[in-house]
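Worksheet for the structure shown next.
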Amino acid sequence: MTENIENLSGSTPDVAEAQARCDAWGQFHDVLRRNWQSGNGGVYAVCSAHPQVIDAAIRQSIEDNSVLLVESTSSQVNQLGGYTGQTPQRFAHFVKSAAHRAGLSAERVLLGGDHLGPFPWRSEASDSALEKACALVRSCVLAGYKKIHLDPSMPCANDDEARLNERTIAARAAVLCEAAENALRDLSSGSREPVYVIGTEVPAPGGEVLATHGLTVTAADDVHQTLEVFREAFLKRGLSSAWERVVALVVQPGVDFGADTIFNYDKNKARSLSAALETHAGIVYEAHSTDYQSPGSLAQLVQDHFAILKVGPWLTFAFREAVLALGAIERELLQTSRQHRLSQLREALEAAMLRNPAHWRPYYHGAEEDVRRDLIYGYSDRCRYYWNEPLVQEELDRLFRNLAMGPIPLTVISQYLPEEYRAIRAGRIQAVSEQMIQEHIRQVLRIYAAASATAAP
């Protein structure tokens, strides 16, 4: 295996270290290089398009002087708009504009595409779905995305289990990669080349899992085989240069979550998996569905060469926790007022989900009362698909307006948002809705920031 990370820019290690001090691109590669060598340090990827999450991640990056790695999924953002209504070009502008407003240099921002493949079009025949996936990959590269997760692992309408084997997935990934490389040629000379993440044992987007008896950790032999099969597929399409820029492999470390279930990382079960990369110079692991893992488990993942930690639903889960807590504060303060109508955010959110169940019905099961609870409170956080609904946004705006009418008593904040109360008392934030939401999301981001700074013993 070639030294994918060390030689990406053709630079010596000294030059790479100098780049790391200058921009996100250099820092990112330096982190991956050090992790492969020693298990020291990693980077977390914010997989969300929610404005409050993006703002919180930007502020965390500024505080830590770290890379801001933001990734959009194929469902959130695509050439047709996705469920956020944003194309890759619009999403890139949105993130970089938010960073600029907060004082974060564009050189510190790294954009990536998560699960780029046929997933949004999997109900179509594979040829049609793959064609649209290629258009998505192309649009991401043209928008300036530099980290591309190639994921054609899901079956399409005409796929059966026998057909969708590892070689088929690898061949489709090479087709997607070719689309990215072709798009790169249309950019101005000097544009940095994207890096790629590959794999076949890819957890489902969003972390939805129905298993009840644990997960099977990827075997070390499967790592070797997967890398060889993908290498052959890339070379067959003349993508040797692109293969040199494959920096990470997605595997199953035994980590995932479902509506009310978390599968915790067990380093003993993943011991041989962690050691498997020793013979593949420069390749690290990318860990998906790490949401809700303990701080210790996330730190251990980094030490075991899972240099890239993906987090998404946990961040919007934290957003929902904060706004519903603010709704409770609103009721305490204004429930007897005749001048103000209380917001009905919780009710509007559930109504939106019931009107359009497409985003949650395949994932929540059981008795009606269990499903209704999971709609709002499930770890899978399927309600993240509905925050853009006009009626939901209207109630959220009403909540903010109501709480902005006067000072919020600290005693009430202490009851419903105790961590934010402590941050206010410490002078880190003010007692205003938006800052308390930011603080609640950043409590999750700080866990990832600490894990990413972990040094191997």
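Each value in this text was obtained by applying a stated rule to the coordinates, not by laboratory testing. Values in this document were obtained by computation on a predicted structure and should not be read as measured data. Reconstructed Cβ throughout: ideal geometry from the backbone, glycine too, with neighbour counts over all protein chains shown.
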Item checked: segment 316-445: relative contact order in percent, alpha carbon pairs under 8 Å with at least 6 residues between -> 34
Check: How big is segment 108-208 on each of its three principal axes, counting only the C-alpha atoms and giving the largest first in Å?
Finding: 43, 26, 21
Next item on the list: Beta carbons within 10 angstrom, averaged per residue: use that to sort the peptides 165-174, 362-371, 311-320, 288-297, highest first.
Entry: 311-320, 288-297, 165-174, 362-371
Margin query: Can you order the peptides 103-109, 45-51 by their average number of other Cβ atoms within 10 Å per residue, highest first?
Written below: 45-51, 103-109
Next item on the list: Would you please state the base-10 log of I(q)/I(0) at q = 0.19 1/Å for segment 71-152, with intensities from the Debye formula using one equal scatterer on every alpha carbon?
Entry: -0.74
Check: How far is the Cα center of segment 232-282 from the Cα center of segment 54-92, in Å?
Finding: 23
Check: Rg to Rh ratio, segment 13-311, alpha-carbon atoms and Kirkwood radius?
Finding: 0.93
Check: Can you pull the three principal axis extents for the Cα set of segment 290-330, in Å, largest first?
Finding: 45, 16, 8
Item checked: Rel. contact order, % - alpha carbon contacts under 8 angstrom, at least six apart, segment 87-145 -> 44
Next item on the list: Return the percentage of antiparallel bridges among DSSP beta bridges fully within the chain, rounded to the nearest 5 %.
Entry: 5
Notebook entry, point to check: Relative to the longest principal axis of the chain, what angle (0 to 90°, nearest 10) does the C-alpha long axis of helix 88-102 take?
Noted result: 60
Margin query: Report, to one decimal in Å, the Kirkwood hydrodynamic radius for segment 319-376 based on all distinct Cα pairs.
Written below: 13.1
Check: How big is the charge dipole of segment 327-424 about its Cα centre, in debye rounded to the nearest 20, if each Lys and Arg gets +1 on its Cβ and each Asp and Glu gets -1 on its Cβ?
Finding: 200
Checklist line | Per residue Cα convex hull volume in Å³ - calculated over segment 243-318 | finding: 93
Notebook entry, point to check: Cα extents of segment 371-449 along the three principal axes, largest first, in whole Å?
Noted result: 38, 34, 21
Margin query: Can you compute the modelled spin-label distance between Thr411 and Glu394, with each label point 7 Å from Cα toward Cβ, in nm?
Written below: 3.6
Next item on the list: Quickly work out the Arg355-to-Arg341 label distance, labels modelled 7 Å from Cα along the C-beta direction, and quote it in nm with one decimal.
Entry: 1.5
Item checked: 10 Å binning of all Cα-Cα separations within segment 328-429, expressed as whole percents from 0 upward -> 13, 34, 33, 18, 2
Next item on the list: For each pair in Lys96/Lys236; Lys132/Lys236; Lys236/Lys310, compute the distance between the two Cα atoms and list the pairs where it is over 26 Å.
Entry: Lys96/Lys236; Lys236/Lys310
Margin query: Need the C-alpha centroid separation for segment 162-179 versus segment 410-457, integer Å.
Written below: 43
